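Shown next, in structure tokens, is the structure this report addresses.
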Amino acid sequence: MAKVDLDMAPSRREKKGPAQYVLGFFLLLYTLFCGLPIVLVFISAFTDELCIVQNGYSFFPQKWSTDGMHSVLKYGKQLMTSYGITILITVVGTLFGLFVMSMFAYAISRPGFRLSRFLSVYLLIPMLFSGGQLSAYVIFTSLYGLKDNLLLLILPLAVSTMNVIILRTYIVNSVPMELMEAAKIDGAGDYRTFFQITLPLMKPALAAVGFMMATAYWNEWQNALIYIASDNKKPLQLLLVNIQKNIEFLLNSNNVPAAARAAMGGAIPQQSATMATVVVVIGPIMVVYPFFQKYFIKGLTVGSVKG
Amino acid sequence: MTFLILIVAITAVVFLSLFLLRNRWTNTWKNRAHVVMAYPAFLILLLMAYIPMSGLILAFKNFNYSKGIFASPWVEPIYKNFTFLLASKGDFLTMTKNTFMYYFIFTILGTFLNIVLAIAIDQFLFKRMAKTMQTIMIIPVFVSYAAVQFIVFAFLSSDMGIINTTLGTNTKFYTTAPLWPYILTTVKIWNSVGYGSVLYMSVLAGIDTGLYEAAQIDGAGKWKQIWHITLPELVPMITVMLLLSVGGIMRSDTGLFYQVTRDSGILYSTTQVIDSYVLHAILKNPNYGFTGATTFFQSIVGLLMILGANGLVRKLAPENALF
């Protein structure tokens, strides 16, 4: 396997002139544009509720408070359930998806397997043409009879054309053909060659695709919103969507006088509590992401560059 | 239950025919291990992508939930649902126009910024710092729109938003439709440019450094190098990415349009796209005829666009065509 350190790749020996500092300044500006909104979420989650309501959101709050986090814990059971559901679909979906996709990628990359041409076209078509949300909704609920079922959160994201292409390209370019042929000559069957030779060598690509899949599962809200009804199957993202609905409902219902609303206090997920929920939902990704970035960029890179 | 039966039935048919026709399909039978390995993904695509395509006939059906999609009666005349589309001029035209508009803004501006950012990071010689910056730039893509809407609210809320409190203004963003194309474009850029540039950077990292050195010896400056070496190397990737995106011309980032705008009716004139309309319809008990016709239109236009674009690329630069 050709070892190319892609992150640091071309070590050009050039002088770092003033132009470099100008460039750095603009890059820094864009970095702030990307990073500050996330920082604001964390700050607001720990800002005093009254402070937000009176002075607005701020990067420099006058008063800090953990009330927001406390009221998130008031969802208690529902929060734990939703966390469980999200972790379940993320882990099961990612592992299952990686497994079936890498087998598919391996099969269609085999020379001498004539069906692989058909399978490649079969793989490509869904990327170019789809029936759309409504068709899927009607087929899933009316024809398959799936309703309020966690399979509807797992299966639609399990196999994606782009990910299979990344895995296949990786196998073709970075897993040495000779190794697989040698295994065959030594008497290893197709399954054994795949599981003992190819799969272990695919690790970088698996890490990259796996991380992308995991975030897709973690962030999935649309299918949950359409298909999931019962509370014990609601993933985290749906909790976020519903919090917004609750706030809107409360603010729109004019029959709740302002004083009564204020008295309810922490019971209604208000600004800081909402942000605290956002922290709880996006936190795990923020924590895990830096560890995966290396694989993520490398795998994406190695898998997507042709030839 | 129906779902399980379907899975078992399809699997049985596939492998039974493989077994019965083993003398005719010799290559496939010889490679049956590969067939077995490809099968699970094949089945999922069949169930989750191919069979749902048949849902498009909804456009020609008078859908009755209890009868199911195939037993529901056809509409008379067959194009009746489409006459609704044209009759509802306002709604349908607005969302189609918005869908196209955002596609063009996001694709053109997005591709441009992806490339600029990729080149900028590539040219930046403080590599360690560049890496840290890149880490931060990619983060937004991992925040779901269900969460992004609260961030956007923190900036735009009329009385609590940072923009209004900082500027001392009282702009009612959430009721002012003309501002939303700018807002949504900003959010989209924030969300996707850092991530989008990764692919282009991978191409840049693969460029032979000898080319730059040779150019330098020949006296070419930085801009000249970018123009004559870097950009041409990026063309195949740009073409492929554009081609792939064309098929999705009628599809949008639903979360952006549904969540970030809070599905607010006041903003529909500039924010409603076909996908957010369909999602809204599904959740609010759809008019299956109208929505079905919309979906049909959406899918067919997408298909025609990608076939056309690919045909065009095949004429101009065959090596970059998708198929």
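Of all residues in region A:71-79, one or more are outside the structural domain of A:Gln270 (by TED's automatic domain parsing), modelled with pLDDT under 90 and aromatic (Phe, Trp, Tyr). State all residues of region A:24-49 that are within 12 Å of A:Ala273 (Cα to Cα), of a type outside the set (Val, Ile, Thr) and either part of a helix (DSSP H, G or I) or at the interface with chain B (Cβ under 10 Å from one of its Cβ atoms) (or both); if no residue qualifies, say none. The answer is A:Phe42, A:Ser44, A:Ala45, A:Glu49.
I need the full set of residues from region B:58-98 which are part of a helix (DSSP H, G or I), farther than 21 Å from A:Gln133 by Cα, free of Cβ contacts under 8 Å to residues at least 24 places away in the same chain and not hydrophobic (A, V, I, L, M, F, W, C), in order please. Please lay out each step first, then the result.
Here is the first cut: in region B:58-98, the residues part of a helix (DSSP H, G or I) are B:58-60, B:80-87, B:89-98.
Within this subset, residues satisfying the condition of being farther than 21 Å from A:Gln133 by Cα are B:80, B:83, B:86-87, B:89-90.
Filter once more, so that each one left must be free of Cβ contacts under 8 Å to residues at least 24 places away in the same chain: B:83, B:86-87, B:89-90.
Across region B:58-98, the qualifying residues are B:Thr83, B:Lys89, B:Gly90.
Scanning region B:65-96 for residues that are within 17 Å of B:Phe290 (Cα to Cα) and within 10 Å of another protein chain (Cβ to nearest Cβ) returns B:Tyr65, B:Ile69, B:Ser72. Taken over region B:236-253, residues that are touching a Ser or Thr at 6+ places or on another chain (Cβ under 7 Å) and closer than 15 Å to B:Pro181 by Cα amount to 1.
Quick grid of which residues meet (1) buried (at least 19 other Cβ atoms within 10 Å of the Cβ); (2) at pLDDT 85 or above; (3) not assigned by TED's automatic domain parsing to the domain that holds B:Phe112:
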position	(1), (2), (3)
B:Trp190	yes, yes, no
B:Ser197	yes, yes, no
B:Leu204	yes, yes, no
B:Gly219	no, yes, no
B:Leu244	no, no, no
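Scanning region A:55-75 turns up no residue that is within 21 Å of the chain's Cα centre (by Cα), within 18 Å of A:Val281 (Cβ to Cβ), buried (at least 23 other Cβ atoms within 10 Å of the Cβ) and in contact (Cβ under 8 Å) with a residue 60 or more places away in the chain. Scanning region B:114-139 for residues being in contact (Cβ under 8 Å) with a residue 40 or more places away in the chain and either in contact with an Asp or Glu (Cβ under 6 Å, 6 or more places away or on another chain) or not β-branched (Val, Ile, Thr) (or both) gives a total of 7. Considering the conditions (1) closer than 30 Å to B:Arg24 by Cα; (2) at the interface with another protein chain (Cβ under 8 Å from one of its Cβ atoms), A:Ala105 is excluded by exactly one of them, (2). In region B:97-111, the condition of being at pLDDT 90 or above, within 17 Å of A:Leu29 (Cβ to Cβ) and in contact with a Gly (Cβ under 7 Å, 6 or more places away or on another chain) is met by no residue.
Restricting attention to region B:255-267 and to residues that are buried (at least 19 other Cβ atoms within 10 Å of the Cβ) and in a helix (DSSP H, G or I), the residue that is farthest from the chain's Cα centre (by Cα) turns out to be B:Leu267.
Taking the numbered list (1) in contact with a Lys or Arg (Cβ under 7 Å, 6 or more places away or on another chain); (2) facing another protein chain (nearest Cβ under 9 Å); (3) on the phi > 0 side of the Ramachandran plot in turn, A:Thr141 passes all entries but (3).
Filtered by the rule that a residue be buried (at least 18 other Cβ atoms within 10 Å of the Cβ), more than 8 Å from chain B (Cβ to nearest Cβ) and under 12 Å from the mean Cα position of the chain (by Cα), region A:276-291 gives no residues. Quick one: is B:Tyr277 closer than 25 Å to B:Phe153 by Cβ and surrounded by 19 or more Cβ atoms within 10 Å (Cβ to Cβ)? Considered against the rule, which asks whether it is closer than 25 Å to B:Phe153 by Cβ and surrounded by 19 or more Cβ atoms within 10 Å (Cβ to Cβ), B:Tyr277 comes out as yes.
Go through A:Val100, A:Val172 for me and flag whichever is touching a residue at least 40 places away in the same chain (Cβ under 8 Å) and either within 23 Å of the chain's Cα centre (by Cα) or not assigned by TED's automatic domain parsing to the domain that holds A:Val209 (or both). Outline the logic, then answer.
Working: A:Val172 fails: either within 23 Å of the chain's Cα centre (by Cα) or not assigned by TED's automatic domain parsing to the domain that holds A:Val209 (or both).
Checking each option against the conditions leaves just A:Val100.
Each residue in region A:136-158 was checked for being farther than 12 Å from B:Thr2 by Cβ and part of a helix (DSSP H, G or I), and 11 of them qualify.
The values are calculated or read from the model by the stated rules, or taken from the named source; none is laboratory data. Source: prediction; values computed, not measured. Positions of Cβ are generated from backbone atoms using ideal geometry, with glycine treated the same way; all protein chains shown enter the neighbour counts.
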